[in-house]
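For reference, the structure discussed in these notes is given below.
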Amino acid sequence: MSHLLEIDSLSVTFGGLHALKDLDFHVDEGEIVGVIGPNGAGKTTFFNMISGMVTPTSGDIRFEGESLVGFDPNQVTQRGIARTFQNVRLFANMTILENVMVSQHCRTKQGIWGSLLNTSGFRKEEQEIREHAEKVLGFFGSRLVGFRLEQPASVLSYANRRRLEIARAMATSPKLILLDEPVAGMNPKESVELTELIGKLRSEWGFTIVLIEHDMNVVRDVSDRVVCLDHGETLAQGSFEEVSNDPAVIEAYLGRPLEKKA
């Protein structure tokens, strides 16, 4: 049985420096896989290569059996992979609703002439896009709906900007979502809430998820498997308990074993 995403011997070199070296990785449909490691371990470069923002020096990235090497980011999104970023990237002057509607451009069928002529097909598709955007935003409860729909994204709190970025990824109708430090900058209460939402992304929406995260409580609570990177290579992989208690991981990253959840 083939994996949903499979990476073989992936390497990328910047000026002689190995950001990733002979990396093997896979995720199966329905899994949540946590990726951890110290700063500079190659985690964001890993996401950048999957999403088409960086071209690997060697190796292959296959999604549903098809190689993604050489694909542009928009082509990767069309194939069914969406991502968020460590630094939130929203259209600050567009409304919350518009931010999510525009993310669906990769799935639209009506072209520029339909828009210019305001055809019935274009109007129907526009209504469907709006309804899907409202459904996605409703996943986050009252935080992004109601009167907020027409507010600019710039007025949102940092935590709600994070939620909106996840909503944009959801709206592209992906099979796989890459979450880059989704709880970074959040307080403990916000982190717990978003951790629950990550679980619901799978249980209620059916998404497969790979997340990079430094908050080990989040990694522990949502991950089926954990992969630890260091200097662009896989240092350890397995269950959270196996990885968090691995001597090499403790030395390179954690500093001490982590307690199991009570």
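Each reported figure results from applying straightforward, stated rules to the coordinates on display, with no laboratory input. The structure presented is a predicted model; accordingly, all values stated were derived computationally and were not measured. Reconstructed Cβ throughout: ideal geometry from the backbone, glycine too, with neighbour counts over all protein chains shown.
Between rounded, prolate and oblate, where does the stretch 25-76 land on the alpha carbon gyration tensor, with a ≥ b ≥ c its root eigenvalues, rounded for a/c under 1.5, else prolate if a/b exceeds b/c? Before the final figure, lay out each step's value.
Numbers: a/c = 1.92, a/b = 1.16, b/c = 1.65.
Verdict is oblate for the stretch 25-76.
Among Ile81, Ile50, which comes first, then next, by fewest other beta-carbon atoms within 10 Å?
Least to most surrounded, the residues fall as Ile50, Ile81.
Along the charge dipole of the chain, which of Thr13, Asn245, Leu194 sits closest to the positive end, that is, farthest toward it, with unit charges on the beta carbon of Lys, Arg, Asp and Glu (+1, +1, -1, -1)?
My answer, from the dipole projection, is Leu194.
Mean-square fluctuation check for the chain, GNM, Cα pairs under 10 Å: which of Leu90, Leu178, Leu211 is largest?
Leu90
Of Pro152, His105, Thr208, which is farthest towards the positive pole of the chain's charge dipole, taken about the Cα centre with +1 and -1 on the beta-carbons of Lys, Arg and Asp, Glu respectively?
About the Cα centre, the residue reaching furthest to the positive side is Pro152.
Can you tell me which aspartates and glutamates have their Cα less than 20 Å from the Cα of Lys21? Leave out same-chain residues fewer than eight positions away.
Hits, sequence-local ones excluded: Glu6, Asp8, Asp60, Asp230, Glu233.
So what J values fall out for the stretch 153-158 if you push phi through Karplus, 6.51 cos²θ - 1.76 cosθ + 1.60 with θ = phi - 60°, rounded to Hz, Gly and Pro as x?
Each residue's phi maps through the Karplus curve to give 4, 5, 8, 6, 5, 4 Hz.
Would you mind telling me the antiparallel percentage of the DSSP bridges in the chain, rounded to 5?
Details: 20 of 36 bridges.
Of those bridges, close to 55 percent are antiparallel.
Ranked by Cβ crowding within 10 angstrom, fewest neighbours first, how are Glu31, Glu242, Glu165 ordered?
Glu242, Glu31, Glu165
Looking at the chain as a GNM with Cα springs under 10 Å, which of Leu149, Leu20, Leu179 has the largest mean-square fluctuation?
Leu149
Where does the chain land at 222 nm, in deg cm²/dmol rounded to the nearest 500, when only DSSP H runs of n ≥ 4 count, each adding -39500 (n - 2.57), divided by all residues?
Details: 9 runs with 89 residues, N = 262.
Theoretical 222 nm ellipticity from helices: -10000 deg cm²/dmol.
Taking 8 Å as the Cα distance limit and 6 or more residues as the minimum spacing, I'd like the relative contact order of the chain as a percentage.
26 percent
Enumerate the calculated ³J(HN,Hα) couplings along the stretch 83-90 in order (Karplus 6.51 cos²θ - 1.76 cosθ + 1.60, θ = phi - 60°), each rounded to whole Hz, writing x wherever the residue is Gly or Pro.
8, 10, 10, 4, 9, 4, 10, 10
Could you run the Karplus curve 6.51 cos²θ - 1.76 cosθ + 1.60 with θ = phi - 60° over the stretch 135-143 and give me ³J(HN,Hα) per residue in whole Hz, x for Gly and Pro?
Along the stretch 135-143, the couplings run 5, 4, 5, x, 4, 8, x, 7, 5 Hz.
Who wins for biggest fluctuation among Glu241, Glu29, Glu204 in a Gaussian network model of the chain, springs between alpha carbons below 10 Å?
Per the Cα network of the chain with a 10 Å cutoff, Glu204 tops the list.
Amide H to amide H under 5 Å from Thr57: which residues, 5+ apart in sequence or cross-chain, H placed 1.01 Å off N in plane?
Ser11, Val12, Thr13
Hey, which of these cross-link pairs are over 31 Å Cα-Cα: Lys124/Lys175; Lys43/Lys124; Lys124/Lys189?
Pairs exceeding 31 Å: Lys43/Lys124; Lys124/Lys189.
If I compute mean projected area of the Cα convex hull in nm² from the structure I just sent, which labelled value in (i) 15.5; (ii) 12.3; (iii) 14.2 lines up?
Here the calculated entry is (i).
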